[in-house]
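See structure below.
Values in this text are rule-based calculations from the coordinates and carry no lab data. Predicted model only: the values in this text are computed from it and were never measured. Note that we place each Cβ from the backbone using ideal geometry, even for glycine, and neighbour counts take in every protein chain shown.
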Amino acid sequence: MGSGTAVEVRGVAPGRPAVDELRAWVAAAQGADRLRPVTVIAPSRVAGLGLRRALAAGPGGVVAARVTVLEDLAALLSAADRAAAVRPALTPALRRHVARLALARRPGALAGVAAHPATERVVDLALAELRRATAAGGEAEVLDGLRAHSP
């Protein structure tokens, strides 16, 4: 969950008083920002549909309130976690571009040869090897090698 995200669980008996209480809770959760998103978990999709309609039909309506079931919320959160964990594709052309940018911006000890095509190729190959090693779970070996060869 993001920063500033709060979870509050309330159980209420079904009926008009529950809808009124939920409307008040959503208004309190949104505060002055009526477009602040709020998620409401309903016991079933049918109950959620009725609840969404009842909230919208009340005085002033309710904006930015997602009414869903727990199963759908879990799938949504799981998909967001998986999407964040996916590494973007690093094509050879993009990797070469990254090598060129790194050499141009911070050449360090390679300043005298940073613009040479052979230097770009070597840095590109080093990036490819680092990517393979870290993808295979070899982060510790890569870090040990860097420490061993650092001045």
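Structure notes:
- If R0 equals 41 Å, the separation of the Cβ atoms of Arg95 and Ile41 corresponds to a calculated FRET efficiency of about 0.40.
- Stretching Leu77 away from Arg10 to a fully extended chain increases their span by 22.0 nm, per 0.36 nm per residue minus the current alpha-carbon distance.
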